[in-house]
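Worksheet: one structure, shown below.
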Amino acid sequence: MAAINILDHQTIDKIAAGEVVERPASVVKELVENAIDAGADAITVEIKDGGISLIRVTDNGDGIEKSQVPHAFLRHATSKITSADDLTDLVSLGFRGEALASIAAVSMVELITKVPGDLTGIRYVIEGGVYKEQEEVGAPEGTTMLVRSLFFNTPPRRKFLKQPQTEGSYAADLMEHLALSHPQISFKFIMNGQTRFYTTGNKELQEIIYRIYGRDIAAQLLPFSWQGEGISVSGFLGKPVINRANRNYEIFYINGRYIKSSLISKAVEEGYREYLMQHKFPFCVLHFQIDTKRIDVNVHPTKMEVRIADGPAFYEAVRQAVHDALHGREMIPEVSLSDRKEQVKEQQADRQKETVSMPEPFEKKRIAEMPQRTASGAISRIYQENRRDMLRSPEGYQVSRRQTETLQEQTGMPDPVVEHDMTAIPQQEPVQNSQNEVAAVSPVQMELFADKILSEPARAQFTLIGQIFDTYWLISYQDKLLIIDQHAAHEKIKYERFMKQFREHAVVSQTLMPPLVVTLTGKERECYERHAGDFEALGFLIEEFGGSEYAIRGVPMDLYGYGGKDFFQEILDELEGESVSGTPEGVRIRIATMACKAAVKGNMQLGRQEAEQLIDELLTLDNPYHCPHGRPTIIAMSKYELEKKFKRIVS
């Protein structure tokens with residue numbers, strides 16, 4: 001039998017570091033979270049070679065007392081909690097007391113810190129978990145952490161790091177999420193001597209989204225807020241036009257902590273379900289504030305996973321809140337005919353104009369002056385970027401006015417919109433554009449303050465022009481050309497009818513002779529009995545057949561290629577892995593297929609009277625903008641875009 005060895009503390013620290021320090025981005029995360037917990041309102045992060053050779057994090061927080069510095073590098077040493085009871089009331093980002101010890105175990109660390117009121121600070125050096133030196137030094141208030149030669153003493157770990165450029169991208173992505181998590185903190189990120197981005201700390205989340213994701217996304221955001229018992233959420237939902245093929249743009253925070261949550265993701269996606277195509281995911285930045293007693297963040301050393309009490313109820317509340325926020329808004333994509341290359345060049349030129357410098361955290365004087373200068377630049381930028389949209393419509397004007405007024409209230413800066421005499425823009429009719437004043441703009445999603453386009457009042461102004469390509473109907477409405485896809489529109493109408501039948505248990509069944517007999521496991525049986533009502537509403541007639549067997553005596557009509565037994569098993573399998581309420585996805589998919597098969601097709605001519613009836617029926621739906629598969633039923637093209645292509649307007 002092999003001997004049982006007691007490992008020394010250095011070996012233990014290196015093993016523990018494997019969980020906490022996965023790559024340079026992990027170090028950045030831990031150090032920045034420490035700076036946030038220390039009350040910093042300005043944080044600078046610099047990395048070189050992807051963070052492998054150097055990571056420097058500087059903050060203007062509370063600092064560390066000289067006598068406490070050596071303790072900070074001991075395992076399970078933390079200032080955030082004192083006992084296990086504190087875990088139920090956590091308000092800090094860190095609490096495990098493992099980060100600094102783990103980082104010091106696999107790198108060369110230099111700490112410089114000073115607390116307010118002290119004449120001097122302290123410099124402390126530890127390499128590979130071994131203390132090297134300590135001395136008093138002149139230092140600004142706050143803390144600077146320098147981490148060099150990551151994994152220098154654990155070659156196998158270093159060997160599995162990716163190229164510096166890739167590791168740097170991980171750190172940049174992390175810093176973007178950290179900046180979004182605390183809009184009240186000014187962040188600056190430097191990579192290989194170049195400033196990648198900075199934020200002003202002016203508490204404006206949309207301003208940070210603009211800096212990170214650009215103008216196209218920042219212009220397509222819906223403010224979102226909701227409050228329930230012990231839970232509140234605020235942030236922005238992206239309009240469906242800025243969907244993505246993965247979940248990378250679903251960004252969630254709980255009590256200021258960036259987290260990954262399949263529960264929240266699924267709830268948000270379900271709220272968007274009627275607006276997105278399958279395998280497309282929304283853009284959103286949501287900040288949740290949840291009673292600390294209802295969550296558990298002590299799941300994994302990375303603290304990215306969070307357990308939420310009463311998950312199904314939380315899921316349903318979030319799903320409904322997102323659905324309500326999107327419901328009732330005009331969701332007609334407006335198509336732009338502008339050259340995409342022109343738009344990209346324009347945006348690059350806008351970014352090059354940004355020359356506002358960003359001070360280091362310890363430069364108090366410059367920090368005091370920063371909001372005035374930064375606000376001036378921000379107002380000018382918003383004015384320059386939105387001026388064309390303001391000229392195009394009163395809606396764009398109102399949006400820009402709100403943005404500039406917010407900054408004015410915070411800073412007292414003059415309003416460039418007023419200075420340029422833009423207040424004379426009429427509030428009812430769009431302003432006619434003069435040459436050279438309006439440049440190409442990106443596709444936008446219409447959000448009208450007046451009557452919706454798909455509404456009864458607007459319907460009276462529709463002029464049906466005709467059908468093209470035996471699929472699309474053209475409609476003239478005010479200064480817009482509307483294009484309706486007859487198949488998508490009819491499919492949506494059919495889907496809503498079928499779903500109404502499902503909800504009212506009015507689906508027609510067809511009897512099977514002889515019945516289909518299925519054998520269920522104990523888990524499957526429990527799942528079926530819990531959801532028997534869903535199967536009945538869909539048109540299944542099922543009876544117990546003895547033991548673990550059930551007889552399917554009736555199945556829904558119009559299964560379109562699915563056998564009744566296969567359909568039953570597919571729904572049951574999905575329900576087994578589903579811990580949330582609502583209509584099962586498999587049910588919706590099959591109903592959507594039924595609607596698709598029953599709807600009028602493309603390349604099929606309709607009479608004018610049939611088209612008029614189709615439009616009338618579309619107006620009766622709660623969400624007439626997308627078919628059940630997420631494709632738009634209607635798009636719009638502005639008179640401005642057409643006139644630009646015909647050179648009536650020259651940009």
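The values are calculated or read from the model by the stated rules, or taken from the named source; none is laboratory data. It should be emphasised that the depicted structure is a prediction, and the values quoted were computed from it without experimental measurement. As a convention, Cβ positions derive from the backbone with ideal geometry for all residues, glycine included, and neighbour counts pool all protein chains shown. Heads up: the accessible areas ignore ligands, DNA and RNA and are worked out on the full protein's heavy atoms, side chains in. Shrake-Rupley method; radii C 1.70, N 1.55, O 1.52, S 1.80 Å.
Determine which member of the set 460, 450 is open to solvent by 20 Å² or more (accessible area, probe 1.4 Å), farther than 15 Å from residue 331 by Cα, modelled with pLDDT under 85 and of a type outside the set (Phe, Trp, Tyr). Exactly one residue qualifies, and that residue is 460. Against the list (1) modelled with pLDDT of 95 or more; (2) more than 29 Å from the chain's Cα centre (by Cα); (3) among the hydrophobic types (A, V, I, L, M, F, W, C), the condition residue 3 fails is (1). Looking at region 60-75, can you tell me whether even one residue there is of a type in the set (A, V, I, L, M), at pLDDT below 90 and open to solvent by 60 Å² or more (accessible area, probe 1.4 Å)? Within region 60-75, one or more residues are of a type in the set (A, V, I, L, M), at pLDDT below 90 and open to solvent by 60 Å² or more (accessible area, probe 1.4 Å). If you go through region 514-554 and keep only what is part of a strand (DSSP E or B) and modelled with pLDDT under 85, you end up with just 546. The single residue among 540, 502 that is of a type outside the set (Ser, Thr, Tyr), farther than 30 Å from residue 605 by Cα and free of Cβ contacts under 8 Å to residues at least 40 places away in the same chain turns out to be 540.
Of everything in region 590-622 that is free of Cβ contacts under 8 Å to residues at least 60 places away in the same chain and not in a loop (DSSP other than H, G, I, E, B), the residue that is nearest to residue 458 (Cα to Cα) is 613. Residues in region 616-650 that are among the β-branched types (Val, Ile, Thr) and open to solvent by less than 10 Å² (accessible area, probe 1.4 Å): 633, 634.
Residues of region 468-480 being of a type outside the set (Val, Ile, Thr) and either within 32 Å of the chain's Cα centre (by Cα) or in a loop (DSSP other than H, G, I, E, B) (or both), which ones?
Initial filter on region 468-480 (of a type outside the set (Val, Ile, Thr)): 469-470, 472-474, 476-480.
Passing the criteria: 469, 470, 478, 479, 480.
Every residue, every condition in (1) open to solvent by less than 50 Å² (accessible area, probe 1.4 Å); (2) over 30 Å from residue 617 (Cα atoms); (3) more than 35 Å from the chain's Cα centre (by Cα), yes or no:
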residue: 483; (1), (2), (3): yes, no, no
residue: 493; (1), (2), (3): yes, no, no
residue: 520; (1), (2), (3): yes, yes, yes
residue: 527; (1), (2), (3): yes, yes, no
residue: 540; (1), (2), (3): yes, no, yes
residue: 565; (1), (2), (3): no, yes, yes
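Within region 173-232, the set of residues being under 22 Å from residue 40 (Cβ atoms) and in a strand (DSSP E or B) comprises 186, 187, 188, 189, 190, 191, 195, 196, 197, 198. How many residues are free of Cβ contacts under 8 Å to residues at least 24 places away in the same chain and either outside any helix (DSSP H, G or I) or within 27 Å of residue 257 (Cα to Cα) (or both) when one looks only at region 137-161? Final tally of qualifying residues: 2. Note on region 224-264: among residues that are farther than 20 Å from residue 295 by Cβ and touching a Leu at 6+ places or on another chain (Cβ under 8 Å), the one that is most open to solvent (accessible area, probe 1.4 Å) is 243.
Out of region 267-291, which residues are assigned to a helix (DSSP H, G or I), open to solvent by 10 Å² or more (accessible area, probe 1.4 Å) and modelled with pLDDT of 90 or more?
Within region 267-291, the first condition is being assigned to a helix (DSSP H, G or I), and the residues that meet it are 267-275.
With the extra rule that they be open to solvent by 10 Å² or more (accessible area, probe 1.4 Å), the set shrinks to 269-270, 273-274.
Listed by number, the list holds a single entry, 269.
Every condition in (1) at pLDDT 80 or above; (2) open to solvent by less than 60 Å² (accessible area, probe 1.4 Å) holds for residue 312 except the one numbered (2).
Can you pull out every residue in region 126-179 that is among the charged types (D, E, K, R), modelled with pLDDT of 90 or more and surrounded by fewer than 16 Cβ atoms within 10 Å (Cβ to Cβ)? Can you show your working first?
Kept after step one, since they are among the charged types (D, E, K, R), are these residues of region 126-179: 127, 132-133, 135-136, 141, 148, 157-159, 162, 167, 173, 176.
Add one more test, that the residue is modelled with pLDDT of 90 or more, and what stays is 127, 132-133, 135-136, 141, 148, 162, 167, 173, 176.
Matches in region 126-179: 132, 133, 135, 136, 162, 173.
Selection of region 567-584 for residues being at pLDDT below 70 and surrounded by 15 or more Cβ atoms within 10 Å (Cβ to Cβ) yields 578, 580, 582, 583, 584.
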